[in-house]
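Read through the structure below, which is laid out as structure tokens, and then see the notes.
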Amino acid sequence: MVSEKDALVAAAVFVFVLISHGEGIIGGREAEPHSRPYMASIQVPEGENMKHECGGFVIADQWVMTAVHCLPTGPNGRKVVLGVHSLSEPEETKQTFDILELYNHPNFSESNYDNDIALIKLDRPFNISEAVKAVEYLRADGTNPGTDAKVDTAGWGSLDNLGSRPDKLKEVVVEVVSSTRCRRSDYFGRKFTDNMICAHKVCPDPCDQPYKKEDSCDGDSGGPLLYNGIAVGITSNGGKKCGQIKKPGIYTIISHYTEWIDNTMALQPAATQDQSS
Ligand SMILES: *[C@@H]1O[C@H](CO)[C@@H](O)[C@H](O)[C@H]1NC(C)=O
Ligand SMILES: *[C@@H]1O[C@H](CO)[C@@H](O)[C@H](O)[C@H]1NC(C)=O
């Protein structure tokens, strides 16, 4: 006879197996360490420690791009850590910075997260290394990915249904969803603006139910959406909660902000961009 305890143990083992072999459910995987040297971890003080809160990505020697909704009221003691793979381990590649200046896009909308793009000026230039490098971002004359294009994103945010946060950087391939569909009332309706791109995970075969519910979560916000290795979007998610069915991720279209980016970075003549090219 199978006791209640045995059944519980079996259930626990089953859940553990699901978590530890996460690819099957979540369509994501651990990134090769430092294979995305532009990734930034934006961390907030929590007692004695710093806690990962949002992603970001390096676009020039002293500049990190992220989302406004990550730091809506200012830096408040947050730090930016570059060269991270594991959040908890003391890695020699890590470089930690204070935020010298934060530029939130002035037209950010709290109601639908339109214009969710921010620039952080670090307190000093980073030391370029295999683990820390700028990424190219799409400018106004570039081509954004079309419907069904494969794009990818990475982050330290919750990537599974159970809300657990990974310690190591995870990456996932997603597919662009047509804006017509994202504007449908059963998706995002009128909250979905022309400055947004939406993308969902490519469902593996067999496409199981837990997978369908999967979604990117808070800790991924501010990170990049990449198309052929170029940053084309910023993880924004329109303020939606994690794990909603039929809600793809929402990303800010970077190429719509070329002028604002150029003007903002030019505000600080000391910030040369000679490392970024
Ligand atoms: C913000 O919106 C106003 C009104 O539409 C516009 O004039 C201004 O150029 C926008 N600001 C930026 C930085 O795009
Ligand atoms: C860059 O390297 C120099 C020399 O090793 C060091 O003094 C400096 O603190 C480093 N800068 C950063 C941002 O870590």
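For region 71-93, name all the residues that are assigned to a loop (DSSP other than H, G, I, E, B) and within 16 Å of ligand 2 (Cβ to nearest atom).
Across region 71-93, the qualifying residues are 83, 84, 90, 91, 92, 93.
For region 94-109, enumerate the residues that are within 16 Å of ligand 1 (Cβ to nearest atom) and either assigned to a loop (DSSP other than H, G, I, E, B) or outside the structural domain of residue 84 (by TED's automatic domain parsing) (or both).
105, 106, 107, 108, 109
Do we have residue 126 as within 9 Å of ligand 2 (Cβ to nearest atom), surrounded by 16 or more Cβ atoms within 10 Å (Cβ to Cβ) and part of a loop (DSSP other than H, G, I, E, B) here?
Against the criterion (within 9 Å of ligand 2 (Cβ to nearest atom), surrounded by 16 or more Cβ atoms within 10 Å (Cβ to Cβ) and part of a loop (DSSP other than H, G, I, E, B)), residue 126 qualifies.
Going by what's in this entry, would residue 154 be described as small (Gly, Ala, Ser), outside the structural domain of residue 60 (by TED's automatic domain parsing) and in a strand (DSSP E or B)?
In short, yes.
Quick check on this structure: which one of 134, 118 is within 16 Å of ligand 1 (Cβ to nearest atom) and at pLDDT 95 or above?
Result: 118 is the single residue among 134, 118 that is within 16 Å of ligand 1 (Cβ to nearest atom) and at pLDDT 95 or above.
Would a scan of region 153-167 turn up a residue that is acidic (Asp, Glu) and touching a helix residue (DSSP H, G or I) at 6+ places or on another chain (Cβ under 9 Å)?
Within region 153-167 (the criterion being acidic (Asp, Glu) and touching a helix residue (DSSP H, G or I) at 6+ places or on another chain (Cβ under 9 Å)), the answer is yes, since at least one residue qualifies.
Residue by residue through region 110-123, note down the ones that are assigned to a loop (DSSP other than H, G, I, E, B) and either over 16 Å from the mean Cα position of the chain (by Cα) or within 16 Å of ligand 2 (Cβ to nearest atom) (or both).
Listed by number, the residues that qualify are 110, 111, 112, 114, 123.
Within region 40-71, take every residue that is free of Cβ contacts under 8 Å to residues at least 40 places away in the same chain and polar (S, T, N, Q) and give me the one that is farthest from residue 171 (Cα to Cα).
Here the residue is 49.
Condition check: closer than 18 Å to residue 235 by Cα, surrounded by 14 or more Cβ atoms within 10 Å (Cβ to Cβ) and not assigned by TED's automatic domain parsing to the domain that holds residue 219. Does residue 31 satisfy that?
Yes, satisfied.
The values are calculated or read from the model by the stated rules, or taken from the named source; none is laboratory data. Given the structure is predicted, the values throughout are model-derived calculations rather than measurements. Note that we place each Cβ from the backbone using ideal geometry, even for glycine, and neighbour counts take in every protein chain shown.
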